[in-house]
Amino acid sequence: MSRRVRRRQRKQPHTLQVFLIFVLVLLTVCVLVKAFFLKAPEQKAAELPAQSAASDTDSQQSPEEQAAQEALRSHLERKGGFYTILVSGSDDGNGNSDTNILVAIDTVNGYIYGTSIARDTKAVWNGKNHKINAAFGSGGMEKMAEVVSDQLGIPVDYTVSVDLKGFAALVDAIGGVDFDVPVNMDYEDPYQDLYIHISKGMHHLSGSEALKVVRFRKGYTTQDIGRMETQQKFLKAVAKQTLTVSNLGKIDEFVKIFQKYVKTDLTLGDLAWLGKEAISIGADNVEFSTLPGVWNGHDKFIHLNKDDVLTLVNEHLNPYVEDRTADDLNIPD
């Protein structure tokens with residue numbers, strides 16, 4: 001099944017941690033490729049209706065019921081080699097997730113696609129309205145995955161929870177990153193103990209310097225959009241430098257960082273297999289976006305655009321053979 005590609009320019013509020021998290025995931029899975037137990041992860045099984053086992057005529061399904069059952073089975077048929085992984089992280093100390101990104105990995109067609117979910121996105125559970133990031137505080141990654149899956153109409157195969165403090169350690173572990181800083185960056189915030197003074201041009205950035213580059217936004221005309229574009233370019237630079245065989249010699253160091261900063265239900269074998277696939281896919285086939293929505297100043301939620309979300313799901317995130325329909329999604333008004 002060929003991939004349909006549509007590149008869009010989208011605003012991405014709160015994207016800093018999205019990119020930091022995904023860099024961490026890419027790095028940790030790729031360096032585990034020398035692990036002893038390589039195996040493809042299991043996909044989450046769809047809840048298919050059971051076939052009727054009755055033998056008497058009265059209890060057998062009608063032709064219409066059989067057709068409906070078969071149509072549902074077809075609608076829930078999974079693509080081979082396609083996985084969805086929800087990555088969440090928190091660095092604000094309030095118990096909720098500060099970042100959520102749903103990553104689709106298509107090992108057959110060779111692409112990785114990450115879609116950030118704004119933390120103020122409206123969600124509903126237990127009959128009440130919530131910001132979607134509160135699901136993490138309510139029930140951890142299990143609840144977060146449940147809410148995301150319900151809204152988008154697709155399963156979440158695996159989850160990853162990341163301590164964002166690991167980003168600087170990872171950049172330092174790969175020996176820093178060569179990056180062309182797009183603007184002069186000068187900003188100070190003593191309250192956050194944040195002092196950014198990096199000139200425009202090519203730099204070899206350490207972990208702490210890299211954090212400053214991706215956090216900076218005041219010097220861009222478009223601020224958040226400009227910062228988003230810089231983060232995307234930085235991620236590409238990091239991915240190109242980390243998704244290489246040369247970094248496999250640092251496996252012990254990377255594993256220690258992984259164990260300290262990452263919690264996941266992926267096994268070591270799963271991670272090693274995904275790492276092998278990530279290296280094969282390459283950094284040029286990694287893309288990002290955010291779920292399209294509009295801020296509502298009245299209720300203080302971001303309301304997702306149902307039509308645009310459905311299009312994005314079918315183009316990039318759908319693990320099923322058949323396209324999802326509007327009935328599959330459960331996006332609150």
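The values are calculated or read from the model by the stated rules, or taken from the named source; none is laboratory data. Given the structure is predicted, the values throughout are model-derived calculations rather than measurements. Reconstructed Cβ throughout: ideal geometry from the backbone, glycine too, with neighbour counts over all protein chains shown. What goes into the accessible areas is simple: the full protein's heavy atoms, side chains included, and nothing from ligands, DNA or RNA. Shrake-Rupley method; radii C 1.70, N 1.55, O 1.52, S 1.80 Å.
Points worth noting:
- Region 283-333, accessible surface, carbon-and-sulfur percent (1.4 angstrom probe): 44 percent
- Under the shape rule built on the C-alpha gyration tensor, where the axes satisfy a ≥ b ≥ c, region 139-180 is prolate, since a/c reaches at least 1.5 and a/b is greater than b/c.
- Overall form of region 176-218: oblate. Here a/c, set by the Cα gyration tensor axes a ≥ b ≥ c, is 1.5 or more, and a/b is not larger than b/c.
- Estimated distance in nm for a label pair at Lys256 and Trp295, the labels positioned 7 Å out from Cα along Cα-to-Cβ: 4.2 nm
- Computed lengthening from Glu188 to His75, 0.36 nm per intervening residue step minus Cα-Cα distance: 35.3 nm
- Peptide ranges 61-73, 269-281, 117-129 listed from the most packed, as the mean C-beta count within 10 angstrom indicates: 269-281, 117-129, 61-73
- Surface composition of region 111-203: carbon plus sulfur atoms hold 45% of the accessible area, using a 1.4 angstrom probe and ignoring ligands, DNA and RNA.
- Anisotropy class of region 75-204 from Cα gyration tensor, a/c 1.5 cut: oblate
- Contour minus Cα-Cα distance for Asp180 and Val108 (0.36 nm per residue): 22.6 nm
- Restraint check, Lys79/Lys143; Lys143/Lys276; Lys131/Lys306; Lys39/Lys263; Lys240/Lys276, Cα-Cα greater than 21 Å: Lys79/Lys143; Lys143/Lys276
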